[in-house]
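Remarks on the structure that follows.
What follows draws every value from the coordinates through simple rules; no lab data is involved. Note that the coordinates shown come from a computational prediction; the quantities given were computed from them, not determined experimentally. FYI the Cβ positions are ideal-geometry reconstructions off the backbone, even for glycines, and counts take in every protein chain you see.
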Amino acid sequence: MSFFEMSSLDELSDGLANLPMFPYFEIAHYIVSVLALREQQGAIGLSRISPLACWVSSMLHCFGGAVLSGFMLAEPPIAPLSNSNNILLASIIWYLVFYCPMDLVYSFTTLLPVRVVLSAMKEVTRTWKILGGVTLAQDKYQDNLLIMIAIGWARGAGGGLISNFEQLVRGIWRPETNELIRMSYPTKITLMGAVLFALQETQYLSVEKRHLMLFYTVFTVVNKTRMMLTGSSSFPFSPIEWFLFEILFMGRFPSYTLSLRQICGNFIIGNGTSNRGRAATRTATKECKDNRHNCPSSPVRGDRGTRRAKDDDTKDSKKYK
Amino acid sequence: MSFFEMSSLDELSDGLANLPMFPYFEIAHYIVSVLALREQQGAIGLSRISPLACWVSSMLHCFGGAVLSGFMLAEPPIAPLSNSNNILLASIIWYLVFYCPMDLVYSFTTLLPVRVVLSAMKEVTRTWKILGGVTLAQDKYQDNLLIMIAIGWARGAGGGLISNFEQLVRGIWRPETNELIRMSYPTKITLMGAVLFALQETQYLSVEKRHLMLFYTVFTVVNKTRMMLTGSSSFPFSPIEWFLFEILFMGRFPSYTLSLRQICGNFIIGNGTSNRGRAATRTATKECKDNRHNCPSSPVRGDRGTRRAKDDDTKDSKKYK
Amino acid sequence: MSFFEMSSLDELSDGLANLPMFPYFEIAHYIVSVLALREQQGAIGLSRISPLACWVSSMLHCFGGAVLSGFMLAEPPIAPLSNSNNILLASIIWYLVFYCPMDLVYSFTTLLPVRVVLSAMKEVTRTWKILGGVTLAQDKYQDNLLIMIAIGWARGAGGGLISNFEQLVRGIWRPETNELIRMSYPTKITLMGAVLFALQETQYLSVEKRHLMLFYTVFTVVNKTRMMLTGSSSFPFSPIEWFLFEILFMGRFPSYTLSLRQICGNFIIGNGTSNRGRAATRTATKECKDNRHNCPSSPVRGDRGTRRAKDDDTKDSKKYK
């Protein structure tokens, strides 16, 4: 705080809090979301065979949070369609990313500097979405903390949380993966934000809302940019997370000797074990791989098929160079 | 128009617009829907093992549109059950089609002339359903064209659009197929109707509603009858559809050289490529078939399993002779 | 009735009808539900890898009925979260069952006498839940019998009916099983209860509500206790069920000669054919097993994977000794 004068902090916060999301930040969000779809395996083929399924899938990437929170609150999941300007914008971006002659738009937006800027702008919209969800839930459920967190989370990370059903639109079904079992970075960061904003709104956290918005936004933007530039996908709070996990959920497993079969029965352990499970499954992984064919009810249907369908954010340009 | 006097056209339109759907046309709709279910692979076995699952599945075939549009508008998906007369009628038909001694009802209704008449009558109900959806959405979302089309479409072709979940009730799961990826004839014709009626309701299309109803109904009935009698399943607007597709979505693929892997990764190409994708994938298909076992993440789990679960309408009697 | 004086029956009924469910009976319900989850294959591994997914799954076991009936009535499926006390209680129980040091809680609650008492208490909550669903539907749909039964059933047996989607949270997908195709004991008994209470509420059944509550509760408790103590899982009304089934749904199959392929196409027949289908498929089973690899579109993906994910209630302590 030493390098900010309080007045300039306030000015910055106010400036950010009054920043209009529409159209520039929304456009960045749509571009990054549609790019993430396009970079999923099979999406190009789908765009060629069924533009309609591709469009629906794109809209779920762009408006997944609104659809999911609408579903959870028993409001029409179709409501995002009623926002004509946003839908038009998202549709134009979908068209340009998938069908632009010479693939100019895709080539341009995946240039590293362009993509870094777009991704950073997208992170800014996350703050607004979480806050929108939290205040919506607060109105409906009188300061019920749990629901505020749930709706804030759904709004901010909806695309990831509904990824199973978004994939179904594209004819893909990967039941063995979902964002609850292995949270991706954006899902985690959104959950953290939802908790913070919910605590702020219910006065448990005595921070001014505009300051929290500023800090959260700066944190997500800086972190996202760092991740894209370094190609790292580590979660900055992994040590804390791991420490808490160790204290809370390890009582029964003091010596890391989980039965191989129990883990192997339901999870694909090889490539992408979450940070949380890594230590405990380190020893198990090797055996499990060797014995995979003996695992009785593993839903794994071939190694290749188990690569995760990631939330849009985890796809930074590094990976696709 | 030359062979109609205007007055007689008006009379015909009025006559049609005032035609009560209940009970005769509704009955035809239920019979055709339940027949379509019964002709799906495994449905007989299901009716024997679990009449309840069979009944639920039949109701989803009969009232799928209402369930889907209810879900999209956050109205109780269970509401169709409250219409006791219709449910009773549909249940009686379900019982007769599946469990009638000597299979008399099934044998009778699948006689070609009977089935043609029933299918034609079912097509008439489509007009009413689409229109019902469009006006419902218009009331709720003040002339929002996109939502009007979506709800009209959902109402008219709901059974097909929710087929993945309807199959789940029967213990079947075919994620690789859905009506968005490869639209069947009734889904396409319903979408077209929804667009027309939505344009009419919002005054973009300056036609009288009753005339549009007449033309659309005559078109669907004639076309359906033609398809059943000739055994063809071609879509009458394929050339236009293909032309539009070529212009809009082929910019990036001028020489039809889609990467084999991209298409092969997610779609079953062999038997049933949609009209749209056919030309572009013609060359790819052969290779793809040969290389199927090399396709890394194909969700195909055996050729036989990939036959489509069709919307009720595509099952005309020809196929089952 | 001879051993009850009418006055004492009334007293008993009143006593039961005024019994508060919260907290003791609710606690028993949560414990039995979470135990049922813990005893599912892979649940231990999940609790280790993703406590959040494990918690969500537990909540769906505990509040599945409310979630499902909320979804069916277009009320927020998230609403159960707003009941802070219940959620807190269920979460504490979830934590203790899965993460208690030395596994003390699990070891204690799975002692046969403790589990029998808890299961019996859970059965008592069933009556309240069914009745709650029935009256809720009655308010909304003016004595519509079908909806009252459906909502009462959903409330009372929600956890089982949504088991497909509850499993999806845990990364498991077993489309070939659901409670509609092969109803488990608690699902059947709940459906029976929903029918009885709906008939009572609409005056078709001239019994006092408190008496019906007493009889139904005593019946379920006694029956559940009997099942747990004897290790039997037979449905007490199987003969009646089978008789009705024979009369209603066997018209077309007088000689038990269902086509092998039809049944084999969609169902796993071996281990767990429902009572209903048993007689008819007796002959088919053997052939089907031998010919399984020839069954064209069987969704069976390995014998082991087809073991059913049971409703919580079917897991009595016997099985895990």
Which of the residues belonging to region A:210-231 are of a type in the set (Val, Ile, Thr) and without any contact (Cβ under 8 Å) to a residue 40 or more places away in the chain? A:VAL218, A:VAL222, A:THR230
Residue check: is A:VAL114 more than 9 Å from chain B (Cβ to nearest Cβ) and part of a helix (DSSP H, G or I)? yes
Only one of C:LEU118, C:LEU89 is within 17 Å of C:GLY159 (Cβ to Cβ) and touching a Phe, Trp or Tyr at 6+ places or on another chain (Cβ under 9 Å); which? C:LEU89
Pull out all pairs, ordered by first then second residue, where Cβ-Cβ is under 7 Å, the residues are six or more apart or on different chains, the first lies in region C:144-163 and is free of Cβ contacts under 8 Å to residues at least 12 places away in the same chain, and the second is surrounded by fewer than 24 Cβ atoms within 10 Å (Cβ to Cβ) and aromatic (Phe, Trp, Tyr). C:ILE147/C:TYR141
Tell me whether region C:27-45 contains one or more residues that are crowded, with 24+ Cβ neighbours inside 10 Å, without any contact (Cβ under 8 Å) to a residue 24 or more places away in the chain and either in contact with a helix residue (DSSP H, G or I) (Cβ under 8 Å, 6 or more places away or on another chain) or within 11 Å of another protein chain (Cβ to nearest Cβ) (or both). yes
Looking at C:SER58, is it among the hydroxyl-bearing types (Ser, Thr, Tyr) and facing another protein chain (nearest Cβ under 9 Å)? no
Among the numbered conditions (1) buried (at least 20 other Cβ atoms within 10 Å of the Cβ); (2) within 12 Å of chain C (Cβ to nearest Cβ); (3) touching a helix residue (DSSP H, G or I) at 6+ places or on another chain (Cβ under 7 Å), tell me where A:GLU123 comes up short. (2)
I'd like the residue in region A:177-216 that is of a type in the set (D, E, K, R) and in a helix (DSSP H, G or I) and, out of all such residues, is surrounded by the fewest Cβ atoms within 10 Å (Cβ to Cβ). A:LYS209
Within region B:77-108, tally of residues that are surrounded by fewer than 21 Cβ atoms within 10 Å (Cβ to Cβ) and among the aromatic types (Phe, Trp, Tyr): 4
Looking at region A:54-76, which of the residues that are buried (at least 21 other Cβ atoms within 10 Å of the Cβ) and under 22 Å from B:THR187 (Cα atoms) is farthest from the chain's Cα centre (by Cα)? A:CYS54
Hits in region A:37-53 - residues which are over 17 Å from B:GLU241 (Cα atoms) and not aliphatic (A, V, I, L, M): A:ARG38, A:GLU39, A:GLN40, A:GLN41, A:GLY42, A:GLY45
Within region B:158-171, does at least one residue satisfy the condition of being facing chain A (nearest Cβ under 8 Å), part of a loop (DSSP other than H, G, I, E, B), out of contact with any strand residue (DSSP E or B) (no Cβ under 9 Å at 6 or more places or on another chain) and surrounded by fewer than 24 Cβ atoms within 10 Å (Cβ to Cβ)? no
Residue hits (region C:46-55; within 7 Å of chain A (Cβ to nearest Cβ) and outside any loop (DSSP other than H, G, I, E, B)) are C:LEU46, C:ARG48, C:ILE49, C:PRO51, C:LEU52, C:ALA53
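Just need a number here: residues in region B:64-110 that are touching a residue at least 40 places away in the same chain (Cβ under 8 Å) and either more than 10 Å from every other protein chain (Cβ to nearest Cβ) or of a type outside the set (Gly, Ala, Ser) (or both).
19
When you scan region B:8-29, do you find a residue that is among the polar types (S, T, N, Q), under 19 Å from the mean Cα position of the chain (by Cα) and assigned to a helix (DSSP H, G or I), even just one?
Looking only at region B:8-29, we keep the residues that are among the polar types (S, T, N, Q), and these are B:8, B:13, B:18.
Next, only the ones that are under 19 Å from the mean Cα position of the chain (by Cα) stay: none.
Scanning region B:8-29, I find no residue that is among the polar types (S, T, N, Q), under 19 Å from the mean Cα position of the chain (by Cα) and assigned to a helix (DSSP H, G or I), so the answer is no.
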